[in-house]
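Only one structure is covered here, and it is reproduced in the block below.
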Amino acid sequence: MPPLVDIQNLSKTYDIKGRAIPVLNGINLKVDPGDFISIMGPSGSGKSTLLHLIGMLDRPDSGRYWFKGQSVLDMSDQQLSHYRSKAIGFVFQTFNLIPGLSVLENVKLPFLYAPGNTGHALERSVQAIEQVGLGNRMDHKPSELSGGEMQRAAIARAIAMEPEIILADEPTGNLDSGTGKGILTLLSRLNDKKVAIVMITHDAHVASHARSHITIKDGEII
């Protein structure tokens, strides 16, 4: 089987006030099912940009990217949306929960981009919420949750569609050490079920939970 993610010689430059700012330069990376990879590096090194490119939220300037053997750069916007909703789960440091929606409504959001059986959407959302230990907080709004509970709600949203890979950007960055440990345990349990995880972190202890480690500096893997 092909890798989930196969990136070759990927580069990205941003235009900021008419000035070209190189962010990534010649990145090569493969992610197989069941991998757990940490990405470390100083601020501005290109970590988040790489995660966004893996997640198909942005396009590179050059290089190649295959997802499960399919060329991402040849995909239409509709195909990209399909993979983002079906195969990729996102967990961000800032949670990105919608304040006016309950935990259940937030977790069900990805199903809006994958029309189908609404009963299945509800069933999977409830299962994901229970899986992260928020079964008794399902009807609560984000403002009624602690930081750890909001992050668990964000993880529930990420796993409800049963993705093949989770992209996590500083998933414990806003949490106390005890709550952060619980989040890492949850990610490890998902990884034990062959869900691939790519995680950005500044914390060497957090990175130690991964099985493989990458360091990025000045837009290059070193």
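The values are calculated or read from the model by the stated rules, or taken from the named source; none is laboratory data. None of these values were measured; they are calculated from a predicted model. Cβ: placed from backbone, ideal geometry, glycine included. Neighbour counts: every protein chain shown. The area values use the complete protein model at the heavy-atom level, side chains included, leaving out ligands, DNA and RNA. Shrake-Rupley method; radii C 1.70, N 1.55, O 1.52, S 1.80 Å.
Per 5 Å bin from zero, what fraction in whole % of the C-alpha pairs of region 125-188 is there, up to the bin with the longest pair? Distribution as computed: 4, 18, 31, 26, 18, 4, 0 percent.
Between the amide H of T215 and those of M40, I222, distances stay under 5 Å, these residues lying 5 or more places away or on another chain, with hydrogens modeled in the peptide plane. Taking trypsin sites (Lys or Arg not before Pro) across region 1-59, the ones in a DSSP loop with at most 10 further Cβ atoms lying within 10 angstrom of their Cβ are K17.
For region 71-173, the fraction of C-alpha pairs farther apart than 17 angstrom is 50 percent.
Evaluated at q = 0.16, 0.17, 0.21, 0.23 Å⁻¹, the base-10 log of the normalised Debye intensity for region 64-124, with identical point scatterers placed on the Cα atoms, takes the values -0.66, -0.73, -0.95, -1.03. About the centre of its Cα atoms, the chain shows a dipole size close to 120 debye [charges on the beta carbon of Lys, Arg (+1) and Asp, Glu (-1) only; nearest 20 debye].
Can you pull out the trypsin sites (Lys or Arg not before Pro) in region 116-222 that DSSP calls coil and that have at most 10 other Cβ atoms within 10 Å?
Hits after loop and neighbour filter: K193.
About the Cα centre of region 1-119, how large is the charge dipole given +1 on each Lys and Arg Cβ and -1 on each Asp and Glu Cβ? Please answer in debye to the nearest 20.
Values: 11 positive and 9 negative charges, 30 e Å.
The dipole of region 1-119 has a size of about 140 debye.
A straight chain from K193 to I21 at 0.36 nm per residue would run longer than the Cα-Cα distance by 58.0 nm. Each helix, a run of at least 4 DSSP H residues, gives -39500 (n - 2.57); summed and divided by the residues of the chain, these come to -9500 deg cm²/dmol at 222 nm. Bridge orientation summary for region 78-222: considering DSSP beta bridges with both residues in this region, about 15 percent are antiparallel. The GluC sites (Glu not before Pro) found in region 136-206 include none that occupy coil by DSSP while having at most 15 further C-beta atoms within 10 Å. On the principal axes of its alpha carbon atoms, the chain extends 47, 40, 39 Å, with the longest extent given first.
Across region 1-110, the fraction of Cα-Cα pairs farther apart than 19 Å, rounded to a whole number, is 53%. Largest mean-square fluctuation among G34, G173, G69, in a Gaussian network model of the chain whose springs join Cα atoms under 10 Å apart, belongs to G69. Taken over the C-alpha atoms, region 109-222 has Rg and Dmax values of 15.3, 47 angstrom.
Per residue, the solvent-accessible area of the chain (1.4 Å probe, heavy atoms of protein chains only, all protein chains present) comes to 49 Å².
Mind checking the full-extension length gain between H202 and S146? Use 0.36 nm per residue of separation minus the Cα-Cα distance, one decimal, nm.
17.9 nm
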